[in-house]
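The values are calculated or read from the model by the stated rules, or taken from the named source; none is laboratory data. This is a predicted model, so every value here is computed, not measured. A quick note on method: Cβ atoms are made from the backbone with ideal geometry, for glycine too, and the neighbour counts reach across all protein chains shown.
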Amino acid sequence: MRMRLAVVTKLLVLALLISSLFSGAAGAEATLPDFVALAKKLKPAVVNISTSKTITPQKRQRPSGGDPFQEYFDKFDDAPNQHPFKQKNLGSGFIISDDGFIITNYHVVAGADEIKVKLSDGREFRGEVQGRDEKFDLALIRIDAKGHLPIAPLGDSDRMEVGEWVMAIGNPFGLAQTVTAGIVSAQGRVIGSGPYDDYIQTDASINPGNSGGPLFNTKGEVIGINTAIVAGGQGIGFAIPVNMAKSILTQLKETGKVTRGWLGVSVQPVTPDLAKSFGLEGEKGALIAEVMKNSPAEKSGLKGGDIILKFDGRAIHEMGELPRLVAATPVGKKVTVLVQREGREESVPVTVEQLKDGEGGEDVALPSDRLGIKVAELTPERAQHLRVQGDRGVVVTEVEPDSLGDRAGIVEGDLVREVNGVRTAQVADYSKAVSAVKKGGYLRVLLRRGEASLFVALRLDKGN
């Protein structure tokens, strides 16, 4: 009897476990997004954009002075394919206000002579560019439509997590109102498209023509503007976080352009070796390689070799975050910059100024058995031979392949400005600074390469 009771008990427990597994699976299925409802709700706020611009071919440069083929070039320049022609482009966008303002990519409307906007109900309107920001690849256009317009609400891209469901709506290959879905694959992607790269990566299918269209979360809020794809890639697309657009919308509406903050520094990543050479725990922050003359950074006392850990209260986890934060800071705002300087943390007050066009930032031979490089006094002759600027200092004249210097990125023609914070005006200064480092210690070298400054770090192992 007891044996039968035990068997029955085990069967009941097993049944309960199976029931809980199935109920859990059913619950998981119930939490999936209702893409049908989302598409019906959101498609009316998404528009298709078609543009055209006149391309005038450049005429071939004609030879000067009685060339026997002059007649041939004259005929070539007058050929039919040399006449101006219309270049067409397709893209997407989404309505953000009832008075007809629409967000899209700058590259969709750049240089356009004519912009046509088609709504989901088939109506077409002429679009006018109200504002543009080439660096963020964003544009604000407007249509004059009567009556109520459906609006795509803007969400908070900072709250998105990798793995969350997203949906894209756009005009890929001219196929209007196409809906695709996927997840957030990654955040903070840098793809080399500009100084403020900070893309959301998604596997929701994005193709040519999706540019400027919205990337929605499951609440039906725009969290990104679909912008780029990887050539030859499948399932990889990139969207501008909508918070970047929100930060400049007011300026685009009011002035048609964007005014950005400027600090006036050139920064570089903090590598593991650099972190150790500075006594920093972890590869965090942005290392100042150069402070520009008459910049806010110089006026406030920031120095080359400072590591910026926080800007205006926000931690700098990696170098690329700093330019974006500075650019988004209102001009004239006084902020606190937390830096590590000579092993201790200091707070430096800085008043952010306006970024203007052309301002960046956003900035005897040593035996070769130690570093694998040779240096010499810079003379006018050496400067001319190595094609470097300046008439004094210490210049790298030779780098051994696969040496410490080579692996650190030092190249022939680099000017050595500092070694471990010591200025190196002469080879003797350089030799003394290097010799002072014990085996196993780190060398932090400030170089001048062309118009740029950069730090490199080298560790002198037991063999050095």
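Observations, loosely collected:
- Tallying residues that are surrounded by fewer than 17 Cβ atoms within 10 Å (Cβ to Cβ) and of a type in the set (A, V, I, L, M) within the range 119-163 yields 3.
- When residues in the range 242-269 are screened for being over 19 Å from Leu355 (Cβ atoms), at pLDDT 90 or above and surrounded by fewer than 22 Cβ atoms within 10 Å (Cβ to Cβ), 3 of them pass.
- Those residues of the range 403-427 which are in a loop (DSSP other than H, G, I, E, B) and small (Gly, Ala, Ser), in sequence order: Ser403, Gly409, Gly413, Gly421, Ala425
- Glu290 assigned to a loop (DSSP other than H, G, I, E, B) and of a type in the set (D, E, K, R): no
- Among the criteria (1) modelled with pLDDT of 95 or more; (2) in a strand (DSSP E or B), the one Val162 does not fulfil is (2).
- Check on Ala315, hydrophobic (A, V, I, L, M, F, W, C), out of contact with any helix residue (DSSP H, G or I) (no Cβ under 7 Å at 6 or more places or on another chain) and surrounded by fewer than 16 Cβ atoms within 10 Å (Cβ to Cβ): yes
- Qualifying residue in the range 164-176 (condition: in contact with a Ser or Thr (Cβ under 6 Å, 6 or more places away or on another chain), surrounded by fewer than 20 Cβ atoms within 10 Å (Cβ to Cβ) and farther than 26 Å from Arg260 by Cα): yes
- Considering the conditions (1) outside any loop (DSSP other than H, G, I, E, B); (2) at pLDDT 90 or above, Asp121 is excluded by exactly one of them, (1).
- Selection count where residues are within 17 Å of the chain's Cα centre (by Cα) and over 16 Å from Ala452 (Cβ atoms), scope the range 259-292: 4
- Of residues in the range 395-442 being acidic (Asp, Glu) and over 31 Å from the mean Cα position of the chain (by Cα), the one nearest to Lys374 (Cα to Cα): Glu398
- Among the residues listed as Gly405, Gly393, Gly413, the single one being on the phi < 0 side of the Ramachandran plot and surrounded by 14 or more Cβ atoms within 10 Å (Cβ to Cβ): Gly405
- Scope the range 428-446; condition in a helix (DSSP H, G or I) and among the hydrophobic types (A, V, I, L, M, F, W, C); matching residues: Ala428, Ala433, Val434
- Residue in the range 135-145 that is among the small types (Gly, Ala, Ser) and under 16 Å from the mean Cα position of the chain (by Cα) present: no
- Pairs where the first residue, in the range 265-280, is not assigned by TED's automatic domain parsing to the domain that holds Arg444 and the second is in a helix (DSSP H, G or I) and crowded, with 20+ Cβ neighbours inside 10 Å, C-beta under 7 Å, 6+ apart: Val265/Ala297; Val267/Leu322
- Test result for Asp429, closer than 21 Å to Ser266 by Cβ and out of contact with any Asp or Glu (no Cβ under 8 Å at 6 or more places or on another chain): no
- No other residue among Arg314, Arg370, Arg344 is at pLDDT below 90 and of a type in the set (D, E, K, R) apart from Arg370.
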